[in-house]
Amino acid sequence: MVNSVLPRVESLASSGIQAIPKEYVRPQEELNSIGNVFEEEKKEDGPQVPTIDLRDIDSEDEAVRQKCREELKKAAVDWGVMHLVNHGISDELIDRVKIAGKQFFDLSVEEKEKYANDQASGKIQGYGSKLANNASGQLEWEDYFFHLVYPEDKRDMSIWPRTPSDYVEATAEYATQLRGLATKIFSVLSLGLGLEEGRLEKEVGGLEELLLQMKINYYPICPQPELALGVEAHTDISALTFILHNMVPGLQLFYQGKWVTAKCVPNSIIMHVGDTIEILSNGKYKSILHRGLVNKEKVRISWAVFCEPPKEKIILKPLPEVVSEKEPALFPPRTFAQHIQHKLFKKTQDALASK
């Protein structure tokens, strides 16, 4: 059992410890920037993550439609992250997804262990916690549940939670609707680069090959939140990432040299531009560095869906249309798998260098 080596963070949190184990304590240079997330969220001064209203994304009125699309494009260029509102997915369906995910995590750890993943054998879907596979040996204050949710023919239903009974239906329906929303976003971002509407979607695998992977992140209450992170600073490797949360703050974005805490916007979906789109657009659209804080008052849960290209079938490189003598390619050609390896290697080098 992997578990005897590494307790789930939830078990640690509920064991009554007053101090967190040293593996969870961040290095000194990082600690300087970790504050109380509730106070950080209240700050009104300084830059704020943009909120983009998608109500008019398909408006019949061309001027109205253009204005909406222009705002989305601007947010993707400037921030690479945004709160989407009026996104077309019903509040009722989103509530069902959140209730089902929370009910799964409300099960006992023993019950959840029946769905445990086994990273050593390459079985990455299921219930897990981060293993200290990075050179720094650092751990993050979260447990998670990870599984592929779209396309249908690539799902492994044997790993999907049987409890609660609505989990499968709500999550499957949400994935289908999110896939439709992704198509709309890709088309706006394509037009924003002066490309044909369907181009970016095609470049990341289209309906058959683009994978939607869901990761439910469960951040237990932390006795020393000023020393830990729920998720360390990273950029997403995906094309796009869509995130729901339980209205407890935690997400921070590294914008113009400072950590900005995202507000909790009701009925919104947070969307990140990932590395894949940053590469294809030659850096015109940003994949922003972000991290997750934890707190000692409320459990935070988020539902991230990563839209990822296939690992080997597509070479990711800046599209010829966005490259010129004046703006040469900023990224070498790599498969998605090679991009992942490159990031891991770089992270290991950085960790070793800072020791």
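Observations on the structure shown:
- Restricting the first member to segment 280-298 and to residues that are over 15 Å from Tyr218 (Cβ atoms) and basic (Lys, Arg), and the second to residues that are open to solvent by less than 10 Å² (accessible area, probe 1.4 Å) and part of a strand (DSSP E or B), the beta-carbon pairs closer than 7 Å and six or more apart or on different chains are Lys286/Val273; Arg291/Gln252.
- Residue check, Gly206 touching a residue at least 12 places away in the same chain (Cβ under 8 Å) and either open to solvent by 20 Å² or more (accessible area, probe 1.4 Å) or under 26 Å from Ile314 (Cα atoms) (or both): no
- Flag for Gly198 being in contact with an Asp or Glu (Cβ under 8 Å, 6 or more places away or on another chain) and of a type outside the set (Lys, Arg): no
- Conditions (1) in contact with a Leu (Cβ under 8 Å, 6 or more places away or on another chain); (2) of a type in the set (Val, Ile, Thr); (3) over 21 Å from Glu308 (Cβ atoms); number of the one not met by Ile185: (3)
- For segment 216-327, the strands (runs of 3 or more DSSP E) that sit wholly inside it and include 3 or more residues that are modelled with pLDDT of 95 or more, under 19 Å from the mean Cα position of the chain (by Cα) and β-branched (Val, Ile, Thr) are 269-273.
- Residue check, Leu178 out of contact with any Gly (no Cβ under 6 Å at 6 or more places or on another chain), within 30 Å of Arg96 (Cβ to Cβ), open to solvent by less than 40 Å² (accessible area, probe 1.4 Å) and part of a helix (DSSP H, G or I): yes
- The lone exception for Leu189 - which of (1) touching a residue at least 40 places away in the same chain (Cβ under 8 Å); (2) in a helix (DSSP H, G or I); (3) open to solvent by less than 10 Å² (accessible area, probe 1.4 Å); (4) out of contact with any strand residue (DSSP E or B) (no Cβ under 9 Å at 6 or more places or on another chain) it fails: (4)
- Some residue of segment 130-140 being touching a helix residue (DSSP H, G or I) at 6+ places or on another chain (Cβ under 6 Å) and over 23 Å from Phe345 (Cα atoms): no
- Condition met for Gly88 (of a type outside the set (Lys, Arg), open to solvent by less than 60 Å² (accessible area, probe 1.4 Å) and under 30 Å from Ser287 (Cα atoms)): no
- Of all residues making up segment 234-258, the number that are open to solvent by 20 Å² or more (accessible area, probe 1.4 Å) and either touching a helix residue (DSSP H, G or I) at 6+ places or on another chain (Cβ under 8 Å) or polar (S, T, N, Q) (or both): 4
- Taking the criterion of being out of contact with any Pro (no Cβ under 7 Å at 6 or more places or on another chain), under 15 Å from Val81 (Cα atoms) and β-branched (Val, Ile, Thr), the residues of segment 228-276 that qualify are Thr235, Ile237, Thr241, Ile243, Val265, Ile269, Ile270, Val273.
- The numbered conditions (1) of a type outside the set (A, V, I, L, M); (2) open to solvent by 10 Å² or more (accessible area, probe 1.4 Å); (3) within 30 Å of Ser324 (Cβ to Cβ); (4) touching a helix residue (DSSP H, G or I) at 6+ places or on another chain (Cβ under 7 Å) are all true for Asn267 except (3).
- Selection status of Gln138, open to solvent by 50 Å² or more (accessible area, probe 1.4 Å) and either within 24 Å of Leu352 (Cα to Cα) or in contact with a Gly (Cβ under 7 Å, 6 or more places away or on another chain) (or both): no
- Of the residues screened, Arg69 is not one that is of a type in the set (Lys, Arg), open to solvent by 50 Å² or more (accessible area, probe 1.4 Å) and at pLDDT 95 or above.
- Wholly within segment 76-151, strands (runs of 3 or more DSSP E) carrying at least 2 residues that are of a type in the set (A, V, I, L, M) and touching a Lys or Arg at 6+ places or on another chain (Cβ under 9 Å): 81-85, 143-150
- Contacts under 8 angstrom Cβ, first residue in segment 163-182 being within 24 Å of Ser108 (Cα to Cα) and touching a residue at least 24 places away in the same chain (Cβ under 8 Å), partner aromatic (Phe, Trp, Tyr) and not in a loop (DSSP other than H, G, I, E, B), 6 or more apart: Thr163/Phe104; Pro164/Phe104; Tyr167/Phe104
The values are calculated or read from the model by the stated rules, or taken from the named source; none is laboratory data. Because the structure is predicted, anything quoted here is derived from the model rather than measured. When we count neighbours, we look across all protein chains shown, and the Cβ atoms used for this are built from the backbone with ideal geometry, even at glycine. Keep in mind that these areas ignore ligands, DNA and RNA; they rest on the heavy atoms of the full protein, side chains included. Shrake-Rupley method; radii C 1.70, N 1.55, O 1.52, S 1.80 Å.
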